[in-house]
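Just so it is clear, none of the values below were taken in a lab; they were calculated from the coordinates. These figures come from a predicted structure and were not determined experimentally. Every residue, glycine among them, receives a Cβ derived from its backbone with ideal geometry; neighbour counts consider all protein chains shown.
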Amino acid sequence: MEVTASLKGYRVSPQKARLVADQIRGKAVEDALNILGLSQKRVAAPISKLVRSAVANAEDKNDTHEAGIEIDNLVVRKITVDEAASLWRIRPRAQGRANWIQKRASHITVVLAER
């Protein structure tokens with residue numbers, strides 16, 4: 001049985017988010033939350049919240065559908081970081097020129113499954 005949680009349009013570049021996502025892929029939920037709690041990266045806090053949301057989804061699925069999911073045996077089976085729509089901004093430069101600035105965003109999806 002699998003449970004998912006997703007975060008859409010979070011304002012961090014996918015490259016930076018993947019650095020944190022790679023650290024917790026395949027780990028037990030408790031270990032993943034410990035790793036995220038000790039991480040210095042800014043994106044670690046929303047990913048930690050997302051993992052907790054997936055655990056809450058598993059508990060809700062147990063309550064409503066009697067799925068029989070063992071919460072203690074959940075593992076981060078899959079975590080994907082995809083590129084979302086970018087914001088384009090203009091930065092003024094010398095002599096009337098302008099540079100385009102691209103502010104990237106990410107879609108993050110976590111899939112938990114039993115061991």
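Give a residue-ordered list of calculated ³J(HN,Hα) values for the range 86-102 (Karplus: 6.51 cos²θ - 1.76 cosθ + 1.60, θ = phi - 60°; whole Hz; x for Gly, Pro).
Working through the residues one at a time gives 9, 8, 10, 10, 10, 10, x, 10, 5, 6, x, 8, 9, 10, 8, 10, 10 Hz.
For the range 5-61, what class follows from the C-alpha gyration tensor (a ≥ b ≥ c being the square roots of its eigenvalues): rounded when a/c is under 1.5, otherwise prolate if a/b is larger than b/c, else oblate? Intermediate values should be presented prior to the final figure.
Numbers: a/c = 2.03, a/b = 1.31, b/c = 1.56.
Because a/c hits 1.5 or more and a/b fails to exceed b/c, the range 5-61 counts as oblate.
Stretch Ala45-Ala94 to full length: gain in nm at 0.36 nm per residue minus the Cα-Cα span? Present the calculation step by step, with values, prior to reporting the outcome.
Details: separation 49, 0.36 × 49 = 17.64 nm, distance 3.86 nm.
Here the answer is 13.8 nm.
Hey, in the GNM for the chain with a 10 angstrom Cα cutoff, which one of Pro46, Pro14, Pro92 fluctuates hardest?
Pro92
Where the Cα atoms of the range 2-114 are projected onto their three principal axes, how long is each span, largest first, in whole Å?
66, 28, 16
Return the sequence-ordered ³J(HN,Hα) values of the range 64-75 in whole Hz as given by the Karplus equation 6.51 cos²θ - 1.76 cosθ + 1.60 applied to θ = phi - 60°, using x for Gly and Pro.
Each residue of the range 64-75 in turn: 8, 10, 6, 6, x, 7, 7, 5, 6, 9, 6, 10 Hz.
Below 30 Å Cα-Cα, how many Lys pairs turn up in the chain? Only count pairs eight or more apart in sequence, or on different chains, if you could.
Qualifying lysine pairs in the chain: 24.
Between beta-carbons, use under 11 Å as the cut-off and find the net charge around Arg25, counting Lys and Arg +1, Asp and Glu -1. Let's see the in-between values first.
Values: positive: Arg18, Lys27, Arg77, Lys78; negative: Asp22.
That works out to +3.
Which listed residue (Ser13, Ser53, Gly96) has the Cα farthest towards the positive end of the charge dipole for the chain, taking +1 on Lys and Arg C-beta and -1 on Asp and Glu C-beta about the Cα centre?
Gly96
Mean residue ellipticity at 222 nm from the helices of the chain, using -39,500 (n - 2.57) per DSSP H segment of n ≥ 4 over the full residue count, to the nearest 500 deg cm²/dmol?
Details: 3 runs with 43 residues, N = 115.
When only DSSP H runs of four or more count, the value is -12000 deg cm²/dmol.
Report ³J(HN,Hα) in whole Hz for each residue of the range 25-36, in order, from the Karplus equation J = 6.51 cos²θ - 1.76 cosθ + 1.60 where θ = phi - 60°; Gly and Pro get x.
Per-residue couplings from phi come out as 4, x, 8, 5, 4, 5, 5, 4, 5, 5, 4, 5 Hz.
Can you put His65, His107 in order, fewest other beta carbons within 10 Å first? Mind showing how you got there, number by number?
Numbers: His65 10, His107 17.
Ranked by crowding around the Cβ, least crowded first: His65, His107.
Taking the Cα centre of the range 2-114 as origin, work out the dipole magnitude from +1 charges on Lys and Arg Cβ and -1 charges on Asp and Glu Cβ, in debye rounded to 20. Display every interim value, and only then the final one.
Working: 19 positive and 13 negative charges, 307 e Å.
That gives the range 2-114 a dipole magnitude of about 1480 debye.
Going toward the positive end of the dipole of the range 1-110, with +1 on Lys and Arg Cβ and -1 on Asp and Glu Cβ, which of His107, Leu87, Val29 do you reach last?
The one lying farthest along the dipole's positive direction is Leu87.
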